[in-house]
Amino acid sequence: MLTASDIVAEVGMALGLDAKKSEVHGFSQRGGVVESHVRWGKRVGAPLGEKGNIDYLLAFELMESARWIEFLKPGGTVIVNRQRILPMSATVGDALYPSDEAIDQALRVVTTKIVYVDGLEVATDLGNKNLANTVLLGALARVMEVDPEVWLDVIVKRVPHKYIEQNKQAFWAGRMGEKVPS
Amino acid sequence: MKKLLSGNEAIALGAKIAGVKYASAYPGTPSTEILENLAKMAGVRADWAPNEKVALDSVAGASYAGARALATMKHVGLNVASETLFYLAYTGVNAGLVLISADDPGAWSSQNEQDNRHYARFAKVPCLEPADSQEAMDFVAIAFDLSEQFDTPVILRTTTRISHSKSVVNVPEDNRHAPRALKEFVPDMSKYAMIPANARRRHPVVEDRLKKLGEWANTAPVNQIEWGDKSMGIVTSSVAYQYASEVFVGYSFLKLGMSYPLPEKLIRDFASKVERLVVVEELDPFFEHEIRAMGIPCVGKEYFPLTNEFSLAVVREGARKLGVAQPDYATASVAAQVPARPPALCPGCPHRSTFYTLRKLKLRVAGDIGCYSIGVLPPFNAIDTLGCMGASLGVAQGVDAVGENNAKHPWVAVIGDSPFFHAGMPALANIVYNRGASTVLILDNDTTAMTGQQENPGTGKTLQGASVQKIDIEQVVRGMGIKDVFVVDAFDEPAVEQTIKAAVAIKDRPSVVISRGPCVFLDTYADKYIDDVDLVKCNGCSLCFRVGCPAIYKGELDATTHKPKALIDPLLCIGCDVCLQVCPRDAIFRVGN
Ligand SMILES: Cc1ncc(C[n+]2csc(CCOP(=O)(O)OP(=O)(O)O)c2C)c(N)n1
Ligand code: SF4
């Protein structure tokens with residue numbers, strides 16, 4: 001997740017723009033929520049975006065898409081990894097993991113541009129569960145209409161040599177995925 | 001060459017380019033990565049110290065001895081090192097000395113959100129505040145020059161948002177470490193040895209230096225005016241400037257790169273040319289009070305909050321109240337019930353058995369700071385007090401001294417290996433010296449895990465991973481004269497329980513339990529198999545849910561108890577066996593891997 005947002009920020013730089021990225025987390029390493037913001041522009045001041053004004057939302061976990069949807073601009077695009085990671089509040093407390101329908105409905109209040117990605121499944125097929133993030137980046141590359149070569153250049157520079165091929169495949173898998181609903 | 005760097009990476013790079021020779025720190029979010037980055041840079045000696053005071057004293061020594069030196073710490077670390085800061089302000093430096101204070105507005109990973117600009121004023125030393133990574137790199141060099149020019153330690157203050165955000169930095173092509181010859185130490189007791197007579201003589205020097213620094217600030221390039229619409233002039237710094245620049249579009253700005261001492265002439269000049277002076281600063285009204293004290297009217301905290309981190313939304317809200325129109329982004333409120341995602345001890349964490357036991361035995365617990373602070377949260381709810389590094393032992397001694405550590409309410413202190421070296425040792429000496437009878441649990445996971453697994457004096461490794469003498473906590477404790485020292489395997493829950501019971505039963509003298517087991521992130525962690533649940537034997541008694549493991553979750557309801565049976569996620573489980581040990585029905589078993 002953290003490298004994924006670095007890559008997005010560096011793609012902005014590669015396009016000749018100013019870019020900033022910032023993560024917000026407390027006890028993240030221990031299962032808390034991590035939120036990472038990337039902004040591109042001619043000049044970027046604030047390192048964090050704001051609610052209701054984000055163009056693209058990437059949820060690396062299914063229910064997190066619903067938690068963060070209020071950040072998305074109405075009509076913006078949300079890309080959702082279908083993977084579920086159960087929160088402790090469901091084991092220790094009485095919280096229930098929301099149903100697929102409840103999540104989808106929550107997203108639809110803000111936008112119809114919802115792209116579901118089976119990141120973990122695709123990554124597992126490629127032989128490395130850690131590639132799910134790259135699959136999601138591929139999906140983002142598609143909806144942002146940025147030249148895939150620019151993305152691949154950045155990804156290749158960022159990942160360890162022996163994982164380059166796998167990451168390229170994961171990126172293309174995400175990039176070629178389903179069409180974006182309009 | 002343009003690079004995307006975090007504030008912390010940029011500070012490390014800036015320090016290298018400025019020829020820093022020695023750096024010392026104690027880890028603490030959001031400052032930790034500065035030293036971790038410096039450690040990789042040739043020509044720089046970078047050491048983890050046991051605490052921030054020791055770090056800053058050593059950095060003082062390096063500076064006296066003629067080397068440019070850097071200390072880094074989180075905001076609360078400067079509380080620990082403040083004693084040193086105050087004498088350093090009087091002695092001044094030989095080669096340049098810079099102290100990085102990384103503050104944490106929003107208290108993302110801290111026990112408070114103090115504003116360390118006050119320390120600059122308190123100790124009468126200059127403070128620089130970068131607003132992005134480029135400035136973070138550039139200001140380090142300026143800080144070292146300033147330190148040498150004015151013979152003063154210099155504080156460079158960042159915040160979480162500056163330290164951890166990445167932004168574009170123009171890295172000079174030649175960014176090698178610039179080695180500098182040691183500047184000769186010329187003995188001068190009147191400057192370097194602060195007996196009262198010398199201290200009295202140094203005080204006017206400090207006051208005079210502050211005046212000169214204030215003069216310097218008036219024309220220093222770190223303070224910049226951006227003229228725009230003069231109906232409003234915004235005085236701001238650090239990340240607050242970044243938010244304000246997107247909110248008060250087109251207005252005039254005085255961006256302060258030096259937050260102490262303030263450039264009085266420059267501020268007067270700016271204030272006289274704008275109709276209304278507005279101060280936009282995170283946390284305390286520091287500039288606001290200083291500017292008011294100059295007799296210049298301004299507004300600030302009646303529009304912008306005192307507490308919590310700023311954001312675009314927060315600064316917009318203040319701007320609206322000031323009559324500056326702002327876009328109103330429609331925010332849909334979240335329609336689905338999304339459960340919270342509270343932090344938890346990792347699957348396989350060595351702390352789990354201790355907190356399960358503390359909860360089970362209903363002991364009162366004086367806690368400390370580390371991953372095990374999660375013991376405050378459900379399902380453990382096991383920590384009663386938690387303040388700062390090392391506080392657990394002092395608090396337990398006080399409770400004990402007034403007779404509250406008794407059969408009805410037995411108390412224990414719980415501390416990790418890293419805080420034990422940081423501030424726990426003097427507190428243990430206090431318990432022994434003052435006839436305490438506390439039980440102290442030392443959770444030795446062989447690392448400083450909370451901040452990202454740094455080495456400490458007990459791990460036998462330096463910051464760079466070199467093998468060194470390991471300080472054995474058991475020997476230290478015995479050396480202090482404690483007779484009842486128990487060492488127990490953290491992954492053996494029944495043994496942990498038995499040992500804690502035995503230690504707590506000792507009422508007339510102190511006892512120490514060292515619970516040993518590595519953090520799962522260490523190479524020494526042995527995972528051989530995973531655990532699984534026999535769903536026929538499991539009746540949903542829910543005992544294993546109380547170990548608070550993210551790998552265990554609720555499955556189908558049991559037909560007779562109507563309570564959910566346990567399931568174990570094979571992707572997350574690493575076979576620590578704690579759940580297996582607490583299951584009364586032997587429903588959990590090991591699966592080979
Ligand atoms: C004065 C001070 N310095 C630094 C920190 C940052 N900090 C919080 S927890 C922690 C390490 C705790 O290590 P340990 O107690 O060994 O527990 P672990 O996280 O390994 O379980 C540090 C350095 C702090 N809170 N206060
Ligand atoms: S990082 Fe290590 S010490 Fe911290 S919760 Fe995880 S296993 Fe436990």
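Points to keep in mind about this one:
- Filter result (hydrophobic (A, V, I, L, M, F, W, C) and outside any strand (DSSP E or B)) within the stretch B:227-265: B:Trp227, B:Val239, B:Ala240, B:Ala244, B:Val247, B:Phe248, B:Val249, B:Leu256, B:Leu262
- Counting the residues of the stretch B:68-104 that are of a type outside the set (A, V, I, L, M, F, W, C), away from chain A (no Cβ under 14 Å) and near ligand 1 (Cβ under 10 Å from one of its atoms) gives 3.
- The residues of the stretch A:48-70 that are facing chain B (nearest Cβ under 7 Å), closer than 21 Å to A:Gly31 by Cβ and in contact with a Phe, Trp or Tyr (Cβ under 7 Å, 6 or more places away or on another chain) amount to a single one, A:Met63.
- Single match in A:Leu57, A:Leu48, A:Leu62 (criterion: within 14 Å of the chain's Cα centre (by Cα) and crowded, with 21+ Cβ neighbours inside 10 Å): A:Leu57
- If you go through the stretch B:516-532 and pick out every residue that is within 21 Å of B:Ile415 (Cβ to Cβ) and either over 25 Å from the mean Cα position of the chain (by Cα) or away from ligand 1 (no atom under 16 Å from the Cβ) (or both), you end up with 0.
- Enumeration of residues in the stretch B:501-525 that are out of contact with any Leu (no Cβ under 9 Å at 6 or more places or on another chain), of a type outside the set (Val, Ile, Thr), surrounded by fewer than 18 Cβ atoms within 10 Å (Cβ to Cβ) and assigned by TED's automatic domain parsing to the domain that holds B:Ser438: B:Ala502, B:Ala505, B:Lys507, B:Asp508, B:Arg509
- Residue, farthest from the other protein chains (Cβ to nearest Cβ), within the stretch A:71-107, restricted to residues that are within 18 Å of the chain's Cα centre (by Cα) and part of a loop (DSSP other than H, G, I, E, B): A:Arg82
- Qualifying residue in the stretch B:324-345 (condition: away from chain A (no Cβ under 12 Å) and out of contact with any strand residue (DSSP E or B) (no Cβ under 9 Å at 6 or more places or on another chain)): yes
- If you check B:Val513, B:Val504, B:Val547, B:Val536 for being within 16 Å of ligand 1 (Cβ to nearest atom) and of a type outside the set (Phe, Trp, Tyr), only one passes: B:Val513.
- Test for B:Leu213: is it at pLDDT 95 or above and part of a loop (DSSP other than H, G, I, E, B): no
- Looking only at residues of the stretch B:344-372 that are in contact with a Phe, Trp or Tyr (Cβ under 9 Å, 6 or more places away or on another chain) and free of Cβ contacts under 8 Å to residues at least 60 places away in the same chain, we find that the one that is farthest from ligand 2 (Cβ to nearest atom) is B:Arg364.
- Residue within the stretch B:465-479 that is within 16 Å of ligand 1 (Cβ to nearest atom), without any contact (Cβ under 8 Å) to a residue 24 or more places away in the chain and touching a Gly at 6+ places or on another chain (Cβ under 9 Å) present: yes
- For the stretch B:29-45, the condition holds for no residue, the condition being that it is closer than 30 Å to B:Met189 by Cβ, buried (at least 24 other Cβ atoms within 10 Å of the Cβ) and free of Cβ contacts under 8 Å to residues at least 60 places away in the same chain.
The values are calculated or read from the model by the stated rules, or taken from the named source; none is laboratory data. The model shown is predicted, which means the values in this text are computed figures rather than measured ones. Counting neighbours? That spans all protein chains shown, and the Cβs are built from the backbone with ideal geometry, glycine included.
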